[in-house]
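To start, the structure under review is shown below, and the notes come after it.
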Amino acid sequence: MPSRDQSVTTIQRELTAFARRARAAAARMHPELSLVSFTLLSHLEDQQGCRATDLAAYYMLDKSTISRQIAALEKLGFIERRSDPADHRIQLLHLTAAGTEKLAEAAVLRRHAFHERLADWDETDLGRFAAYLLRYNSTAPDGS
């Protein structure tokens, strides 16, 4: 049985490898979009739109980083700005039809990739893995 320190080192290495593969997969789906861009599109869909400052706060990113990502997504036609009905001075970001379509494509591709990678795992292992990921992510300092 590996020591606790060895296990943590292995987990760190494997999560880093997972993140690299996720970034590469995002780049293959749409070469002009980063994994961060896909994440932002997903958040906008989940929230039915939000302010750029909300995105920066939620992901703990600098406003300039969010601004660059938003500019790229607008240029690609995946998001648009709309006035907040409650306060017309505020601009809310929303997915366009093209953004919704690109996100749906990505979801299908990701789901297919996960099914392939996990095809030989039995239901017990899948359930444990899912539970461990939920447990791990629930302890993130920012609650996300």
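Among residues other than Ala131 whose Cβ falls under 13 Å from its Cβ, what is the net charge (Lys/Arg +1, Asp/Glu -1)?
Net of charged neighbours comes to 0.
Where the only charges are on Cβ atoms (+1 Lys, Arg; -1 Asp, Glu), what is the dipole of region 67-116 about its Cα centre, to the nearest 20 debye?
The calculated dipole for region 67-116 is roughly 140 debye.
Using only the alpha-carbon atoms, how far is helix 4-29 inclined from the longest principal axis of the chain? Give it as 0 to 90 degrees, nearest 10.
The answer is roughly 40 degrees.
Could you work out how far helix 35-47 tilts from the main Cα principal axis of the chain, as a 0 to 90 degree angle to the nearest 10?
With both axes taken from Cα atoms, the answer is about 70 degrees.
With each run of n ≥ 4 DSSP H residues scored as -39500 (n - 2.57), what mean residue ellipticity at 222 nm is computed for the chain after dividing by its residue count and rounding to the nearest 500 deg cm²/dmol?
Counting only the DSSP helices, I get -22500 deg cm²/dmol.
Along its principal axes, what span do the Cα atoms of region 81-144 show, with the longest given first and each in whole Å?
For region 81-144, the Cα extents along the three principal axes come out at 52, 31, 13 Å.
Considering only the other residues whose Cβ falls under 14 Å of the Cβ of Ala113, what net charge follows from Lys and Arg at +1 and Asp and Glu at -1?
So the environment of Ala113 carries a net charge of +4.
Give me the accessible area per residue for the chain, probe 1.4 Å, as a whole number in Å².
Ligands and nucleic acids excluded, the result is 72 Å² per residue.
Using only Cα atoms, figure out Rg for the chain and give it as a multiple of 2.2 N^0.38 Å.
1.23
Based on the Cα coordinates of region 15-97, what is the per residue volume of their convex hull in Å³?
102 Å³
Treating the angle as unsigned and between 0 and 90°, give the value, to the nearest 10°, between the Cα long axis of helix 123-138 and the longest Cα principal axis of the chain.
50 degrees
The values are calculated or read from the model by the stated rules, or taken from the named source; none is laboratory data. Note that the coordinates shown come from a computational prediction; the quantities given were computed from them, not determined experimentally. All Cβ positions, even for glycine, are placed from backbone atoms using ideal geometry, and neighbour counts span all protein chains on display. When the accessible area is computed, the model is the full protein with side chains, heavy atoms only, and any ligands, DNA or RNA have been set aside. Shrake-Rupley method; radii C 1.70, N 1.55, O 1.52, S 1.80 Å.
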